[in-house]
Amino acid sequence: MDIREIIERQREAYLKQLTKFYSERTTGAKEILLELNGDEKERIFKLYRLDYYEQVDGQGKPTELGADTYLNHEPTNYKFGQLSIELNPFFWHGCDFAFKQELTDVDWLKNWTRKWIDEEDKKPTDTNGLSGVIHNVTRLTSTTNNETKFSVDFGSADVDSVVGLIETIEKQGIRELKIGFEMIG
């Protein structure tokens with residue numbers, strides 16, 4: 001399988017669970033955008049799309065899908081331009097990215113996030129009522145062994161969001177990338 005096919009299958013596994021989750025909930029709002037409180041200084045990394053929100057007996061009830069299914073496969077290596085990628089199994093709603101390079105400029109990640117989180121809710125919903133947007137991105141963090149990591153909840157975004165992020169990472173001069181889950185520690 002090529003990388004795009006694996007990514008598409010991961011997305012399909014998640015969307016199957018998400019559409020079932022939504023079919024059981026009909027009185028609230030899907031994929032609403034929140035700005036979380038906290039120590040994060042960059043607003044873009046405070047943005048978070050909640051899977052579902054409803055009022056129950058006058059009380060707000062936020063609900064997140066606890067998707068537990070993903071496409072399990074052996075770690076697979078790909079070449080993307082000058083970038084070598086190790087693609088491990090991952091959750092669509094919790095995909096970790098790690099590379100052996102420290103970056104001080106995060107504008108590339110902020111710009112990619114702005115495009116795919118659709119802060120102004122301009123993207124039309126699809127036939128399933130999905131917005132086609134990511135749900136959040138964590139700030140880059142550095143480890144003691146010169147590794148940089150971050151995580152993305154791809155929400156209802158399409159495969160182009162992942163491919164676009166990989167292209168953006170490659171343009172930063174990064175040459176080795178690991179994608180998977182439970183790599184953030």
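FYI, it's all coordinate maths here, none of it is from the lab. The model shown is predicted, which means the values in this text are computed figures rather than measured ones. In this analysis, Cβ positions are derived from the backbone assuming ideal geometry, glycine residues included, and neighbour counts consider all displayed protein chains.
Side notes on the structure shown:
- In the chain, helices alone account for a calculated mean residue ellipticity at 222 nm of -8000 deg cm²/dmol, with every DSSP H run of four or more residues adding -39,500 (n - 2.57).
- Surface/4 estimate of mean projected area, convex hull on alpha-carbon atoms of the chain, nm²: 11.3
- For the range 1-100, fraction of C-alpha pairs farther apart than 16 Å, in %: 68
- Fewest-first ordering of LYS20, LYS46 by other beta carbons within 10 Å of each residue's beta carbon gives LYS20, LYS46.
- Nearest-0.05 FRET efficiency for VAL56 and ASP105, computed from C-beta distance (R0 35 Å): 0.20
- Among ILE179, ILE44, the ranking by other beta carbons within 10 Å of each residue's beta carbon, starting with the fewest, stands as ILE44, ILE179.
- Listed by chain and number, the lysines whose C-alpha is less than 21 Å from the C-alpha of LYS149, apart from same-chain residues fewer than 8 away, are LYS41, LYS46, LYS79, LYS100, LYS110, LYS115, LYS171, LYS178.
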